[in-house]
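The structure appears right after this line, and notes come after that.
The values are calculated or read from the model by the stated rules, or taken from the named source; none is laboratory data. Owing to the predicted nature of the structure, the values given are computational and were not obtained by experimental measurement. As a convention, Cβ positions derive from the backbone with ideal geometry for all residues, glycine included, and neighbour counts pool all protein chains shown.
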Amino acid sequence: MSNNSFINAQQQVESACRILNTEPAVFEILKDVERMIEVSIPVKMDDGTIRTFKGYRAAHNTSLGPAKGGIRIHPATTYDDVKALSIWMTFKCAVTGTPYGGGKGGIVADPTKLSENELEQLARGYVRGLYKYLGEKIDVPAPDVGCSAQMISWMVDEYCQLAGTQALGTFTGKPVEYGGSLGRTESTGFGISVIGRQVAKKFDIHFEEATLAVQGFGNVGSHAVKYFEQLGATVQAVMEWHPDGLFAIYREEGFTYEELEANRGKFKEMDNVKILNPEDFWSLDVDIMVPAALANAIDERVAKLVKANIVLEGANGPVTTEGDAVFKERGITVVPDILTNSGGVIVSYYEWVQNLQGFYWTEKEVLERQEEKMIQAFDEIWDTKEKHDVTFREAAYLNSIQKVADVMKLQGKLS
Ligand code: GLU
């Protein structure tokens, strides 16, 4: 039950509405999505057969702006996951003052098993099925797990051809040479490091002395490692997925981003590493644990193993409701996904602004603006947490639900 992300997301919204004592209409509206579209995408496979793939796109709530959120391409993606992820996007955008509603997309496919030609058909077919519901001021997708910048490029091209107009701001996460923003690829990982440093300060931990363990070495995890290192912290362990099962590598002195990048896919062959099983990884005696892979990684059982005082949610929904309850009871601070990994959508917003203006910023401008926005959101939520004596997650929901509710009130959607 708790492994259903949609139920987890609904419970998070419900609990915040209860604490805020919002009128019933707020939860009634926010408990489900405004729109969910399901498409079937036919692909002519390289062997000549036709296979269809399921595609989804959800818009949860568009009170604060056009729907915004990535497209996840993963064999285990479900209808409910996509809805949950769109709920999280609404609050992720609201919490950082990014003027969007929540959206999310999914394609049920394993991109690592498809050829370039098959992936292109998948990307174009997804847009053909959905294009009437996409647009710079309607719904703006971006990459999520399994969706590359090349796939986004095919999608933008397909969209512009169908719409008969140049509308680069319909997608974000584009390659820099095709209307993307400098800093977008690194933005989620960079933001996680900024939030990590801020929360460490609250615990009187000098970030240069902090030890971390990171689950996942995809776009988010790897860039988080890069910036943790730049801020002087020590990444002692990294957990990765392998066809034979999950494992982690550990080294007390820590790893550099460069050596991990150079050994991508062959961590087990690295010198001077200890191989850990998942249980030993979660039980590591580090200051900060960073789940940066997929949802539901930390359930009740795993939460009981964690020794770190701080959990930084790099992924979306990595801690289940039951896992969260264990952390609350044990006094472990969970810095929620909707704040911790919001760097991606913040820089997507900057990309969109640059596209609409046709005027492009330097990487320094992008990163400085991102950092400032995230620190401001962090401080605001920390204050809410202290004021209401709630968890960090509850504070983030209180803050963002209030913002959405206030606008819905102005729009006449509430009683
Ligand atoms: N997929 C990312 C997320 O979950 C980025 C979304 C976006 O940039 O629109 O936050």
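Of note:
- Residue ranges of strands (runs of 3 or more DSSP E) in the stretch 1-111 with at least 2 members modelled with pLDDT of 95 or more and among the basic types (Lys, Arg): 35-44, 50-61, 67-73
- Considering the stretch 115-133, and only residues there that are free of Cβ contacts under 8 Å to residues at least 40 places away in the same chain and among the aliphatic types (A, V, I, L, M), the residue that is farthest from Asn61 (Cα to Cα) turns out to be Leu119.
- Pair list, Cβ < 8 Å and 6+ apart or interchain, from the stretch 344-373 residues that are touching a residue at least 24 places away in the same chain (Cβ under 8 Å) to residues that are away from the ligand (no atom under 16 Å from the Cβ) and hydroxyl-bearing (Ser, Thr, Tyr): Gln354/Tyr360
- Residue selected from the stretch 112-147 under the condition over 23 Å from Gly344 (Cβ atoms) and either part of a loop (DSSP other than H, G, I, E, B) or among the polar types (S, T, N, Q) (or both), by the criterion nearest to the ligand (Cβ to nearest atom): Leu114
- The condition of being surrounded by fewer than 20 Cβ atoms within 10 Å (Cβ to Cβ), of a type outside the set (A, V, I, L, M), touching a residue at least 24 places away in the same chain (Cβ under 8 Å) and within 14 Å of the ligand (Cβ to nearest atom) holds for only one of Thr98, Thr185, that being Thr185.
- Filter pass, Ala84 being within 15 Å of the ligand (Cβ to nearest atom), touching a Ser or Thr at 6+ places or on another chain (Cβ under 8 Å) and under 29 Å from Thr165 (Cα atoms): no
- Across the stretch 148-159, the qualifying residues are those that are assigned to a helix (DSSP H, G or I) and among the small types (Gly, Ala, Ser), and the one among them that is surrounded by the fewest Cβ atoms within 10 Å (Cβ to Cβ) is Ala149.
- For Tyr178, the test of being among the aromatic types (Phe, Trp, Tyr) and either within 15 Å of the ligand (Cβ to nearest atom) or buried (at least 19 other Cβ atoms within 10 Å of the Cβ) (or both) is failed.
- The stretch 61-76, residues that are away from the ligand (no atom under 12 Å from the Cβ) and crowded, with 24+ Cβ neighbours inside 10 Å: Asn61
- Apart from one condition, Ala295 fits all of (1) assigned to a loop (DSSP other than H, G, I, E, B); (2) more than 13 Å from the ligand (Cβ to nearest atom); the exception is (2).
- So Gly135, is it under 20 Å from Thr340 (Cβ atoms) and surrounded by fewer than 22 Cβ atoms within 10 Å (Cβ to Cβ): no
- Being away from the ligand (no atom under 16 Å from the Cβ) and surrounded by fewer than 16 Cβ atoms within 10 Å (Cβ to Cβ) is a condition met by at least one residue of the stretch 331-349.
- Scope the stretch 274-292; condition assigned to a loop (DSSP other than H, G, I, E, B), among the hydrophobic types (A, V, I, L, M, F, W, C) and in contact with a helix residue (DSSP H, G or I) (Cβ under 7 Å, 6 or more places away or on another chain); matching residues: Ala292
- The listed residues are Ala237, Ala224, and the only one of them that is touching a strand residue (DSSP E or B) at 6+ places or on another chain (Cβ under 7 Å) and either surrounded by fewer than 24 Cβ atoms within 10 Å (Cβ to Cβ) or within 22 Å of Thr185 (Cα to Cα) (or both) turns out to be Ala224.
- Flag for Gly265 being in contact with a Ser or Thr (Cβ under 6 Å, 6 or more places away or on another chain), part of a loop (DSSP other than H, G, I, E, B) and among the small types (Gly, Ala, Ser): no
- If you filter the stretch 21-60 down to residues that are among the aromatic types (Phe, Trp, Tyr) and in contact with an Asp or Glu (Cβ under 9 Å, 6 or more places away or on another chain), you find that the one that is nearest to Ser115 (Cα to Cα) is Tyr56.
- Residue within the stretch 237-255 that is touching a residue at least 60 places away in the same chain (Cβ under 8 Å) and not polar (S, T, N, Q) present: no
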